[in-house]
Every structure is written in structure tokens, then in C-alpha cells.
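Presented below is the structure to which this report refers.
The values are calculated or read from the model by the stated rules, or taken from the named source; none is laboratory data. Computed from a predicted model, the values in this text were never measured in an experiment. When we count neighbours, we look across all protein chains shown, and the Cβ atoms used for this are built from the backbone with ideal geometry, even at glycine. Quick note on the areas: whole protein, heavy atoms, side chains included, nothing else; ligands and nucleic acids left out. Shrake-Rupley method; radii C 1.70, N 1.55, O 1.52, S 1.80 Å.
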Amino acid sequence: MKVLLISPEVSPLSKTGGLGDVAGALPQALRDIGVDARVLCPLYGDFEKDFLKTLHPIGPMRVNIGRSFRTARVQEGIIPGTDVPAYFLEHKSSFGRSGIYSGPKGNFPDNAERFLLLAKSALELPELTGWWPNALHLHDWTVALTPAFLNALPPKDRRRQWASILTIHNLMHQGVFPAETLNMTGLPNSYYNPDGLEHDGCLNMLKGGIHHATKITTVSPSYAREIQEEPLSQGLGHTLRHRAADLLGIVNGIDCEEWNPKKDAALTKNYSISQMDAGKLSCKANLLEELRLPSASERPLFFVVSRMDHQKGLDLLANVLPRLVKEHDMTFALLGSGDPNLENTYRSLASEYHDNIAAVIGFDECLARKMFAGGDFLVVPSRFEPCGLTQLYAMRYGTVPVVRRTGGLADTVIPWSEDSPDGTGIAYEGDGEWELLLAIEQALEVFAKKQKFQKLRKMSMKRDSSWGPSARAYSQAYSWAIEVRKEQI
Ligand code: ADP
Ligand code: GLC
């Protein structure tokens, strides 16, 4: 089976969040089980020179956007650290800048045009490469219209046979543009209706994809259920319920080689489960020093690594932190960036409670790794979470997650309690500050009971978050989609 995965971000080359990690790791996991998976993604302006030297140009490609053609160059290479073949779409005026979706002034104004180029280029690629996939796997809104382009091909076109699988990583981001954007797509006017690409008078790329894709997946079974109903359906409940029979949830995995405390070069001391206590203690001492927090390793260290977005519930956490650090001997550290108001809130907390709270505003993967290793508890108070990867990285490094029971957080963290000692983390119900505060207090209680805490973190470290089972589930979904497509045409 040959599958082309198309994504706007692919780690380690480009990443703003978990989508990059998934698109960087899933293709290798698919290849490991015999699927010929390859990747198509943009060549961004901030790719490293040494990496660019490894690429081979395979030719120009003409893609029509509106009434004119864009000429892009395709370069072939391998995703670093894998043996996944990848095709990089080079078009300087679209992707030759740094930033994937936005820059200092917010979202790029030409995003519709930039990503239509990516979404459409998938159809032109086989002519250039001679490699014909059986299915296209599209990731999120930027490439969600590719299935509509397939359906709009003339009946005899060979590419119509391709099945399409659309994965929704986050229903919050739908790619909504003015109605006139339809002209840019080149799709027939008949596609623009409330059962197609139109939503509330605008063109909605994700909705179009949900309508046209052969199969739809999202990144956890719980989120697959949640998005069909209010409040998490984000206006698309009707569309999703209509396609419920073709919608499935497949939980994300992580690249356990790339994220491995035994080998991670970012850590001052590497460790496996048998030397976890000593390893984590050394990493914690180093982390506290780097964060300029007092070197009191016996105090529990809670932390967050996150985009600072309403989704993540960090405003709720900011409201309970002062009370927590006043009443308990604990420390907290945040690594994140995003909403400027939230960034300032955490900066202020760090300056007011400098003996207990640190805040690093920015994106720093090396520090993130040190936090997963040196921290005691990762806090994820998300309002919703399609899957979430940080709780998986935390568990991999023997750090206990404290999560709200929603979406993929509910599917990946087994709740611990005195009565359920085989749990892998603290998982709480409810969406308020009070419930979050109680969950953190529960974590503090278990931290104080050394043996129980050691068992809890061993249980979390034992969780198998590797991609294998989910790669098999995707492979099954591709086979279904290919069968269905055969019957459709
Ligand atoms: P989302 O995709 O919604 O942002 P995930 O938990 O799925 O959430 O993935 C987030 C990814 O981005 C993880 O790999 C996490 O470690 C990383 N990340 C988020 N913020 C930062 C940051 N400030 N510095 C380094 N890595 C970060
Ligand atoms: C999204 C979601 C996150 C998920 C990631 C990768 O950004 O917010 O929950 O883990 O995609 O699928």
C-alpha cells in the first residue's frame, strides 16, 4: 500500500505543536509495518543550510490558483532521523519566510493562497515522481480541500481512484475565508453550499474536507465522540454527525527513540526505569539551576510545556498558583508562548513569587526535554484536548501528569487514587479552577508519601506510548478507505 501524507508541519524540520510531531513520526511507524508512506510538505525559509544540501531537485510543478499558474519547485529528500522519503514544495513567495501560519503581525494574510498551493500540489506530484499512491492522508485544515479537488476531477482521470483520509488534529482551526476564495480554488460553484464548503457565509476548508474525504479520523476516540456534540463541535456538529459512520478516533503515539530518557542528549544524566530515582534527581537539580529556582530538590516541581492558547486552560492555572505556593512548599515552572496577556501574567507571577515560580516565554525543545525529565508533575488543565502529546512525553520520562479528563488526556492517562494504585497520573473531572486546585493538592499528597509516589511514577513510565498500535489502526483505515473509494467510482 502506498500512502502520501501531506502536512504543513513535519518535525524536526517545522513544528508549532503536536501536528509536527505526528507528521514526523507516523510515516516511519507506517513504513515499519510495510506501508510505503511518504510525505509532502512545504520547504520553509528557515530550514537549515546543511539539510538543504541533502535535497535533490526533481523538477518544476505548475499549479493553478484562481486564473493564474504558480510554478513551484519540488525537492526530494529524507526526513532527518528517519528513512521516510519526502517531497518538499519550494515556492519562495509562499513558504520562503519564517513562520508556518503566522508572523509577528498575526496570521499571514495570504494563508488561503499559500495552503491551496500545498493542497493542490498533491495532485500534480505523481507526474513528477512516477510514484502513484493508493491513498492521500491529509492533516488539518490547510490541506483539507485536497479530497474536494479529487472529486472534481473528470471521471476518467486516474487520480480519482485515490482514497482520501482527513485527520482532524484540532477542530478549533477550520481555515475560514471569505466566500470569494472559492474562485481561487477553481472548484465548481456547486461545491459551495451548506452541505459542502460553505459555512455561515464563508468558505470553510475543514468543513469541505469533512464532506469530501473518503474517511475522517481524529486523534483520540474520546475527541471523536466529543466533536459530534456541543460544546466541542465548533459549529460543525451537524456535518460531523452526518459522516459519523466514516469518522474514527485513533490515539497519537510518540517516537520512543527520539524521546528516550536513556539516550536523550539534552539531559545531564540519562536513565532507564531501574535508575529513575537517581536520574531524575540529577536532572531536577540541573533544571532548578537553569530556571534560577532555589536548589531545594525535595520540594515537588510542577510544570507546563505548552502553547499559550485559551484551549490550554493556563488562565485557570494562573489563578490558583498564588494560593498553591502560599499554602504549600512547592515550585512551578512554565515554558510556553502565545497569548501576550497570558505571557505577561506568568511573567508577573514569576517575579512576584521568584522563590517558587519560574516562567520561560519562548519555544525551546531542549528545555522542554529537561523539564520532562527533571519535573515531578506535568499539569495539563486543557478546556479541550484532541489528544495531547506532552502527557505522553512526561510519562515516558517518569513524570506524573495531572490532567483534565477530556479528549486524548482521558484516553491516555489512567486515573490514580488510593483505591486505584495502578493509575498513571492524576486525572480530574470538571472544568473549573477549584477542581484543578484539588487535583494539584491530590498530587502534593501523593508526593509526600514517597513509596506511593515512586510506584505512581513507575506506572507512568511503564506506559507504552509507541506508535505501533496506532500505525496499524491507520493502515486499517487506509485499507477501508481504498475499498470504499473503489466502490464509489
Ligand atoms: P498542541 O499540538 O495542541 O500544541 P500537543 O501536546 O499535542 O499540543 O503538542 C505540543 C508539542 O509542542 C509537544 O511536542 C510540546 O513539547 C511542544 N511544545 C509546546 N510548547 C513548547 C515550547 N514553548 N517549547 C518547546 N516545545 C513546546
Ligand atoms: C493538535 C491538538 C493536540 C494534538 C495535536 C497532534 O494541535 O491540539 O491535542 O495532540 O494536534 O495531533
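Name the single residue that is farthest from ligand 1 (Cβ to nearest atom) among those in segment 395-404 being hydrophobic (A, V, I, L, M, F, W, C) and either open to solvent by 10 Å² or more (accessible area, probe 1.4 Å) or within 26 Å of Arg323 (Cβ to Cβ) (or both). If you could, list the steps in order and put the result at the bottom.
First, pick out the residues of segment 395-404 that are hydrophobic (A, V, I, L, M, F, W, C): 395, 400, 402-403.
Still in the running and either open to solvent by 10 Å² or more (accessible area, probe 1.4 Å) or within 26 Å of Arg323 (Cβ to Cβ) (or both): 400, 402-403.
Working: Val400: 16, Val402: 14, Val403: 11 Å.
So the residue we want is Val400.
Search segment 154-168 for residues being assigned to a loop (DSSP other than H, G, I, E, B) and open to solvent by 20 Å² or more (accessible area, probe 1.4 Å), and hand back the single one that is farthest from ligand 2 (Cβ to nearest atom). Spell out the reasoning first.
We begin by selecting, within segment 154-168, every residue assigned to a loop (DSSP other than H, G, I, E, B); these are 154-157, 162.
Filter once more, keeping what is open to solvent by 20 Å² or more (accessible area, probe 1.4 Å): 154-157.
Working: Pro154: 35, Pro155: 35, Lys156: 37, Asp157: 32 Å.
Taking the candidates together, the pick is Lys156.
Residues in segment 201-226 that are within 13 Å of ligand 2 (Cβ to nearest atom) and farther than 22 Å from Ala119 by Cβ: how many?
The number of residues fulfilling the criteria is 5.
Answer with yes or no whether Ala394 is within 16 Å of ligand 2 (Cβ to nearest atom) and under 15 Å from Phe303 (Cβ atoms). Explain how you work it out, then say what you get.
Numbers: within 16 Å of ligand 2 (Cβ to nearest atom): yes; under 15 Å from Phe303 (Cβ atoms): yes.
Yes; evaluated as a whole, the condition is true for this residue.
Under the condition of being away from ligand 2 (no atom under 16 Å from the Cβ) and open to solvent by 10 Å² or more (accessible area, probe 1.4 Å), which residue from segment 135-153 is nearest to Val10 (Cα to Cα)?
Within segment 135-153, the first condition is being away from ligand 2 (no atom under 16 Å from the Cβ), and the residues that meet it are 135-136, 145-153.
Checking the rest, the ones that are also open to solvent by 10 Å² or more (accessible area, probe 1.4 Å) come to 149, 151-153.
Details: Phe149: 23, Asn151: 27, Ala152: 28, Leu153: 28 Å.
Of everything passing the filter in segment 135-153, Phe149 is nearest to Val10 (Cα to Cα).
I'm trying to understand the selection: among the residues of segment 175-194, which are open to solvent by 20 Å² or more (accessible area, probe 1.4 Å), outside any helix (DSSP H, G or I) and touching a residue at least 24 places away in the same chain (Cβ under 8 Å)? Steps first, please.
Narrowing segment 175-194 to residues open to solvent by 20 Å² or more (accessible area, probe 1.4 Å): 176-180, 183-184, 186, 188-194.
Next, from what is left, pick out any that are outside any helix (DSSP H, G or I): 176-180, 186, 188, 192-194.
Listed by number, the residues that qualify are Val176, Phe177, Pro178, Ala179, Gly186, Pro188.
Kindly indicate the residue of segment 29-46 that is of a type outside the set (Lys, Arg), away from ligand 2 (no atom under 16 Å from the Cβ) and buried (at least 18 other Cβ atoms within 10 Å of the Cβ) and also nearest to Gly362 (Cα to Cα) among those meeting that condition. Working first, answer last.
Within segment 29-46, the subset of a type outside the set (Lys, Arg) is 29-30, 32-37, 39-46.
Now restrict to residues that are away from ligand 2 (no atom under 16 Å from the Cβ): 32-37, 40, 42-46.
Filter once more, so that each one left must be buried (at least 18 other Cβ atoms within 10 Å of the Cβ): 35, 37, 40, 42-44.
On the way: Val35: 37, Ala37: 33, Leu40: 28, Pro42: 24, Leu43: 23, Tyr44: 20 Å.
Looking at residues that are of a type outside the set (Lys, Arg), away from ligand 2 (no atom under 16 Å from the Cβ) and buried (at least 18 other Cβ atoms within 10 Å of the Cβ), I get Tyr44.
Might you check whether a residue that is buried (at least 17 other Cβ atoms within 10 Å of the Cβ) and within 16 Å of ligand 2 (Cβ to nearest atom) occurs anywhere in segment 283-299?
No, there is no match, as no residue in segment 283-299 is buried (at least 17 other Cβ atoms within 10 Å of the Cβ) and within 16 Å of ligand 2 (Cβ to nearest atom).
How many of the residues in segment 227-241 are open to solvent by 10 Å² or more (accessible area, probe 1.4 Å) and among the hydrophobic types (A, V, I, L, M, F, W, C)?
So the first thing to find is which residues in segment 227-241 are open to solvent by 10 Å² or more (accessible area, probe 1.4 Å), and the list is 228-232, 234-235, 238-239, 241.
Keeping just the survivors that are among the hydrophobic types (A, V, I, L, M, F, W, C) gives 232.
Here the count works out to 1.
Here's a check for you: in segment 370-394, which residue that is away from ligand 1 (no atom under 12 Å from the Cβ) and part of a strand (DSSP E or B) is farthest from Val305 (Cα to Cα)?
Phe377
Return the residues of segment 9-45 that are more than 16 Å from ligand 1 (Cβ to nearest atom) and farther than 23 Å from Ser479 by Cα; say none if nothing qualifies.
Selection gives Cys41, Pro42, Leu43, Tyr44, Gly45.
Tally the residues that are within 14 Å of ligand 2 (Cβ to nearest atom) and either in contact with an Asp or Glu (Cβ under 6 Å, 6 or more places away or on another chain) or among the basic types (Lys, Arg) (or both), restricting the search to segment 1-15.
Number satisfying all stated conditions: 2.
Since Ser121 meets every condition but one in (1) touching a helix residue (DSSP H, G or I) at 6+ places or on another chain (Cβ under 6 Å); (2) away from ligand 1 (no atom under 16 Å from the Cβ), which condition does it not meet?
The number of the failed condition is (1).
Hey, among the residues in segment 338-369 that are under 25 Å from Glu298 (Cβ atoms) and assigned to a strand (DSSP E or B), which one's farthest from ligand 1 (Cβ to nearest atom)? Break it down into steps so the answer makes sense when it comes.
Of the residues in segment 338-369, the ones under 25 Å from Glu298 (Cβ atoms) are 346, 349-360, 367-369.
Keeping just the survivors that are assigned to a strand (DSSP E or B) gives 357-360.
Values: Ile357: 16, Ala358: 13, Ala359: 11, Val360: 8 Å.
Taking the candidates together, the pick is Ile357.
Applying the selection to segment 339-368, what residues are within 16 Å of ligand 2 (Cβ to nearest atom) and surrounded by 18 or more Cβ atoms within 10 Å (Cβ to Cβ)?
Narrowing segment 339-368 to residues within 16 Å of ligand 2 (Cβ to nearest atom): 339, 363, 365, 368.
Within segment 339-368, Ala368 is the sole residue that qualifies.
Could you check Glu289 against (1) among the acidic types (Asp, Glu); (2) under 27 Å from His328 (Cβ atoms); (3) not assigned by TED's automatic domain parsing to the domain that holds Cys387 and say which number it fails?
Result: Glu289 fails condition (3) only.
From the list Ala265, Ala224, Ala213, Ala244, which one is closer than 30 Å to Leu187 by Cα and surrounded by fewer than 15 Cβ atoms within 10 Å (Cβ to Cβ)? Working first, answer last.
On the way: Ala265 fails: closer than 30 Å to Leu187 by Cα; Ala224 fails: surrounded by fewer than 15 Cβ atoms within 10 Å (Cβ to Cβ); Ala213 fails: surrounded by fewer than 15 Cβ atoms within 10 Å (Cβ to Cβ).
None of the others qualify; the one that does is Ala244.
Kindly provide the set of residues from segment 301-337 that are away from ligand 1 (no atom under 16 Å from the Cβ), in a loop (DSSP other than H, G, I, E, B) and open to solvent by less than 10 Å² (accessible area, probe 1.4 Å), ordered by number.
Result: Met330, single match.
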